[in-house]
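Okay, structure first, notes after.
The values are calculated or read from the model by the stated rules, or taken from the named source; none is laboratory data. Just so it is clear, the model here is predicted, and its values are computed rather than measured. Counting neighbours? That spans all protein chains shown, and the Cβs are built from the backbone with ideal geometry, glycine included.
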Amino acid sequence: MILITVILIIILMVMGLPLFAGILAVTLIGLHVSGVDFMAIPIEILRLANAPVLLAVPLFTFAGYLMAEGGTSKRLVRFSRSLFGWIPGGLGIVALVTSAFFTAITGATGVTIIALGGLLLPALLAEKYENNFSLGLVTTSGSIGLHFPPSLPIIFYGFVSGVSIEKLFMAGLLPGAVIVFVLCLYSMYMGSRWRLKRPPFSSREFFPALKEAAWELPIPVLIIAGIYSGFSTATEAAALTVVYVLFVKIFVFRELNIKNDVPRVMRDSAKMVGSIMIILGAALGFTNYLVDALIPLKILKLMEGMISSKIVFLLVLNVFLIIVGCMMDIFSAILVVVPLIIPLASRFGVEPLHLGIVFLTNLAIGYNTPPVGLSLFISSSRFNQPVTRIYRATLPFLILLLLTLLLITYWPNLSLFLPRLLGKMTLA
């Protein structure tokens, strides 16, 4: 009877039942069967409310939504184009670099595709880039900035796993750069193959574009510098980022009205944060049930009987996480799946920082994986294209991302080099 009820709830979730309601329903059933008091759920929510690091989430989200308003995207595209436009496939590189920057700040792939897609896709097509290539590039580029500060998924992963958020920020830099670089190489290859026209580098365009974007370009660098210099915590850096972005938007560029626009943007960002927090509260209750029911231990024993090597474990983990990334948004996946895989990874000798970057890479790829990757449907809606065409358009990029995932998975030093270097410098 219980199994039938759980299956029914899963079916309802597939049909549109809100994710938090489904998770909460399964949690209540599990707690009831286990004889655990339902007070475990409000206790977990109270623990969530008392976590200082999560204050950074609404602040960084608000800063990202502020940047999505006005002309930030145009300024970033203009600067990137003046810097990379002379390279074969340069406009594709512009799209990738600008989108990575934007996703890192906003923390949401959908916002990047919606805010930048309408600007980048017509520009690519006007420069004679092939239709499917352009669609695939703009769709895929929406999720390639999740490794860079102040990435909200990194903050959530650090909160759930207990791994240092500052070290996770550092661990994600090189893998994130490799992902962007590999896709840029593909754009360069296609640009050379098509023999597209490209303007020569012009200092007359570069320096005005740099001057125009100079207020917004340093934001990620300032965040990293503030955290690693000890000047601010992640939460304090988030608050300073909001103040800085408000100053730039209201007083420098005069793009936002403090009475009319700022409250509206605040409401929009609060809706997103609120939806995340509702899911977070339900997922924490579910995690509490999983731990009480010894589910991680049971899975560990099952895996030990089936998998004997670290190499095979990482391969199976990648397949599992990509499927999860298709079916769940990244925040829900972090909350539900991370507590399950940490003991497994520890048993097979996977370093926690490396595990975090592998986890985030998989879920970023899951956004673009057919049949139900979230970015595919956002792109289909944004550009009024059949989702099957988006599948075909993203396939070459998906293959490159999967190859890069293998590199990140089986070369842990790519993730661990900078945190270890920082540790040595700190000790010195």
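At-a-glance table
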{"quantity": "Considering residues of segment 396-417 that are in a helix (DSSP H, G or I) and more than 20 Å from the chain's Cα centre (by Cα) only, the residue surrounded by the fewest Cβ atoms within 10 Å (Cβ to Cβ)", "calculated": "Asn413"}
{"quantity": "Any hit, segment 202-221, residues being crowded, with 16+ Cβ neighbours inside 10 Å and among the basic types (Lys, Arg)", "calculated": "no"}
{"quantity": "Out of Asn368, Asn362, sole residue that is crowded, with 22+ Cβ neighbours inside 10 Å and part of a loop (DSSP other than H, G, I, E, B)", "calculated": "Asn368"}
{"quantity": "Where Lys249 falls short, out of the listed (1) free of Cβ contacts under 8 Å to residues at least 12 places away in the same chain; (2) of a type outside the set (Val, Ile, Thr); (3) farther than 15 Å from Pro150 by Cβ; (4) in contact with a helix residue (DSSP H, G or I) (Cβ under 9 Å, 6 or more places away or on another chain)", "calculated": "(1)"}
{"quantity": "Qualifying residue in segment 328-340 (condition: polar (S, T, N, Q) and either under 23 Å from Thr404 (Cα atoms) or modelled with pLDDT of 85 or more (or both))", "calculated": "no"}
{"quantity": "Qualifying residue in segment 299-319 (condition: modelled with pLDDT of 85 or more, closer than 30 Å to Arg389 by Cα and in contact with a helix residue (DSSP H, G or I) (Cβ under 7 Å, 6 or more places away or on another chain))", "calculated": "yes"}
{"quantity": "Among (1) among the aliphatic types (A, V, I, L, M); (2) modelled with pLDDT of 80 or more; (3) more than 16 Å from Phe206 (Cβ to Cβ) - the single one Val94 does not satisfy", "calculated": "(3)"}
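Let's see how each residue does on (1) closer than 30 Å to Lys128 by Cα; (2) in a helix (DSSP H, G or I):
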position	(1), (2)
Pro199	yes, no
Glu205	yes, yes
Lys211	yes, yes
Gly226	no, yes
Ala238	no, yes
Val248	no, yes
Val265	no, yes
Asp268	no, yes
Met272	no, yes
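Okay, residues lined up against (1) at pLDDT 80 or above; (2) crowded, with 23+ Cβ neighbours inside 10 Å; (3) not in a helix (DSSP H, G or I):
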site	(1), (2), (3)
Leu66	yes, yes, no
Val77	yes, yes, no
Leu83	yes, no, no
Pro88	yes, no, yes
Ala100	yes, yes, no
Leu119	yes, no, no
Tyr129	yes, yes, yes
